[in-house]
Every structure is written in C-alpha cells, then in structure tokens.
Amino acid sequence: MRTSMKAVTVSTIGSFICHERDIPRPAAGEVLVRVAVTGLCRTDLKLIRSGHRDLVLPRIPGEEVVGVVAENGPGAVRNSVGTRVYVYPGEWCGLCPACRSGAENLCREMRIMGFHRDGGFAEYVVVPEKSLIPLHDRCNFHDAVFAEPLSCCINAIELSRLTAGERIGIWGAGPAGTLLKRLASHLGADVVVIEPDGARRERIGGQESAVGEPFDVCIPAVGDSSAYLAALGHLAPRGRLVAFSGLPATSAHHAADYNHLHYYEQTVVGAYGCALRHGKTALDLISSGAVIVSDLVSHTLPLSALDAALDMVAERRCMKIHLNPQE
Ligand SMILES: [Zn+2]
C-alpha cells in the first residue's frame with residue numbers, strides 16, 4: 001500500500017508547491033477518496049493568488065471533486081470501497097439555525113473542502129462520509145464533477161424565485177454563466193446572456209449589452225462590478241438581482257438607489273455555495289441529460305500544470321479546466 005501521494009499545497013498566498021506528501025488517514029465517520037477529477041474554478045485562482053475570506057493555511061485546495069471510495073474510516077459504512085462518488089464540499093453541524101433551515105452552506109460551523117480542510121488538488125482526499133453522493137452508473141467523472149458548480153447555480157436560481165416564462169439576464173458566458181443559462185432554459189425561462197467577449201458571446205448566442213425589456217431576474221456570473229451595476233439597472237418591477245459572483249474587496253461597495261428599489265419593489269439577494277440537496281438535484285440533471293455539461297471542458301491537465309492552468313483562468317483563455325491528479 002502506498003503511503004505518499006502527489007498534492008498541491010498552498011502555504012502562503014500567491015504561491016504553491018506540487019510535491020509528494022503523506023496520504024491522509026480517515027478518522028471516525030470519514031472516508032478516503034481516490035480523486036478522479038477535480039474541477040478548477042475562478043475561486044481557486046482567487047484563493048491561491050489573492051486569498052479568500054474562508055481560507056485557512058496551509059491548505060490543499062480543490063472543492064469540485066469526484067472519485068472512488070478507497071478506504072472507510074471507523075464507523076463509515078454507507079459506501080463500499082470502489083463506489084464512485086461526488087463529494088459535497090461542505091462539512092456542517094446540522095444543529096444551527098442555518099442547517100435546520102436547509103441552508104447548511106451558511107452553517108456557522110461550516111468547514112469547506114479546499115478552504116478549511118484539504119481538498120482535491122491531490123491524489124487522495126479525506127472527507128466526511130455524510131458529504132458523499134454516489135454517482136449514477138451512466139454518469140462519467142468529467143460530467144459528474146460539474147455537480148458542484150451546477151449546485152451553486154441551482155441555489156442561485158432557487159433564491160431568485162425564477163418561474164417558467166420569466167425573463168432572466170445573465171452577465172458572463174464563462175462556465176458558471178453557461179450553466180446558469182442551461183438551467184434557466186431547462187426551467188422554461190426566457191434567457192438572455194450578456195457577454196462582451198466576442199468568441200464567448202458567439203458560443204452561447206449572447207448579446208454584447210442588455211437592450212430591450214428589463215429582466216425579472218438578473219444574475220452577474222462574472223466578478224466585475226460593472227456587471228452588477230448594469231444588472232441592477234435592468235431589473236423589471238418586482239425584479240430580483242442575485243449577488244452570485246464575488247467581487248474584489250476593492251470594488252464591492254456601491255451605493256444603491258433605495259427609492260428605486262422601494263417604488264419598483266425590487267429585491268437584491270445573495271447566493272453563496274450550495275447545500276447537499278443541490279448536489280443530488282445537480283447529479284440528476286446531469287445524468288438525465290437535462291443540463292448538458294460535457295462540451296464545457298476545454299482542458300484536462302495534471303496537477304503539475306496548475307500554474308499554467310491558473311494563468312488561463314486569469315486571462316479567460318479557457319472554459320472549464322479539469323485536473324486529473326492521477327496523471
Ligand atoms: Zn450548522
């Protein structure tokens with residue numbers, strides 16, 4: 001049995017090392033998962049190069065993980081060794097008001113994989129047994145790993161109270177914007193995507209800027225305050241703006257016209273992460289083909305290519321990058 005594995009470790013913000021380190025051991029109620037695919041997202045770029053509110057160092061990043069159960073810790077009995085699983089990235093208390101309301105992503109004790117505990121930029125990861133969702137037989141790893149970003153989109157759409165026939169504007173045609181578009185279309189909404197980049201806009205059939213009728217729901221899926229301001233300005237009466245993408249701390253504060261919100265009964269609601277149940281819904285949507293994801297993967301790379309991969313994310317030269325830690 002091997003005792004060491006390849007992993008990426010961040011010890012100081014702005015740098016990381018790709019090295020051999022001990023394979024972690026699962027404690028009571030935990031499971032060792034052999035990582036098949038870890039999704040790379042813009043949050044990882046922020047976390048590694050600029051830091052993040054929830055990051056505790058030193059850390060192995062990686063919060064979008066699928067793999068195979070390699071070893072059950074004491075008392076972990078739900079999934080036999082060899083089961084293919086998606087890992088819900090949160091560890092929650094189950095007792096606090098947020099948990100009891102079904103929003104464990106807002107748990108006051110929340111520990112996020114890749115932030116507070118080690119994640120999937122490694123050959124193996126230890127996770128709580130209760131965070132595992134077995135995959136459908138027909139769902140491959142590269143599709144299944146989209147359950148995490150799609151879960152965050154499901155949470156945002158839920159909070160937007162979007163209904164069939166409503167008009168939704170999505171700013172940004174990257175992986176998150178594309179998943180939001182496909183989810184909203186599946187729910188019967190009339191979707192417009194606003195994307196300044198010509199190639200991305202063409203790919204999704206979007207618009208360069210918002211014109212025409214205002215939107216019942218606006219979602220900025222790009223961490224750019226100009227998208228937020230445009231979205232706020234295009235809300236219909238009783239429209240809902242979802243604060244979905246995080247902004248750089250230096251550009252997160254903007255004055256709002258509260259009289260406008262007042263007269264038009266508009267709502268601004270935040271959306272951050274996802275709950276376990278969103279993972280189940282996301283896997284159902286992916287496995288059934290209701291939301292297509294496979295065409296979003298632009299690169300599959302080994303951990304050793306992480307720096308180049310982060311550059312591609314920073315410069316928007318890719319769609320979704322998948323890391324294969326076993327490569
Ligand atoms: Zn809790």
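Points to keep in mind about this one:
- As a ratio to 2.2 N^0.38 Å, the alpha-carbon radius of gyration for the range 1-119 is 1.11.
- Amide proton proximity set for Glu71, modelled H, under 5 Å, gap of 5+: Leu32
- The Rg/Rh ratio of the chain, with Rg taken over Cα atoms and Rh as the Kirkwood radius over Cα pairs, comes to 0.97.
- Among the GluC sites (Glu not before Pro) in the range 83-131, those placed in a DSSP loop whose Cβ has at most 15 other Cβ atoms within 10 Å are Glu109.
- Whole-number D in µm²/s for the range 83-175 (Stokes-Einstein; Kirkwood sum over Cα pairs; 10 °C, 1.306 mPa s): 103 µm²/s
- Column: log10 I(q)/I(0), Debye, Cα scatterers of the range 93-147, q = 0.13, 0.18, 0.23, 0.28 Å⁻¹: -0.45, -0.80, -1.05, -1.14
- One quarter of the convex hull surface built on the alpha carbon atoms of the range 128-182 amounts to 5.4 nm², the projected area averaged over directions.
- GluC sites (Glu not before Pro) lying in DSSP loop within the range 131-240, provided at most 13 other Cβ fall within 10 Å: Glu208
- Mean separation of Cα contacts under 8 Å, 6 or more apart, over the residue count of the chain: relative contact order %: 19 percent
- Rounded to the nearest whole Hz, the Karplus-based 3J(HN,Hα) values (6.51 cos²θ - 1.76 cosθ + 1.60, θ = phi - 60°) of the range 209-219 follow the sequence 8, 7, 9, x, 3, x, 9, 5, 9, 10, 10, with x at glycine and proline.
- Antiparallel %, DSSP beta bridges [both residues in the chain], to 5: 60 percent
- The range 119-238, Rg to Rh (Cα coordinates; Rh as Kirkwood inverse mean 1/r): 1.04
- Once C-alpha pairs closer than 8 Å and six or more residues apart are averaged by separation and normalised to the residue number of the range 153-270, the relative contact order reads 24 percent.
- Mean ellipticity per residue at 222 nm, deg cm²/dmol - from DSSP H runs of n ≥ 4 across the chain, formula -39500 (n - 2.57): -7500 deg cm²/dmol
- Cβ-derived FRET efficiency at R0 35 Å, Ala28 paired with Arg316, nearest 0.05: 0.20
- Converting phi to 3J(HN,Hα) with the Karplus coefficients 6.51, -1.76 and 1.60 and the offset θ = phi - 60°, the range 132-143 yields 8, 10, x, 7, 5, 4, 8, 9, 7, 4, 5, 6 Hz in sequence order, with x at every glycine or proline.
- Kirkwood-based Rg to Rh ratio, the range 284-327, C-alpha trace: 1.08
- Of the three principal axes defined by the Cα atoms of the range 188-260, the extents in descending order read 35, 29, 20 Å.
- Segment Cys96-Asp197, length gained on full extension (0.36 nm per residue, minus Cα span): 32.1 nm
Taken together, the values in this text are just the output of simple stated rules run on the coordinates, not laboratory data. Only a predicted model underlies this, so the values are computations on that prediction, with no experimental measurement involved. Glycine gets a Cβ as well: all are built from the backbone with ideal geometry, and neighbour counts include every protein chain shown.
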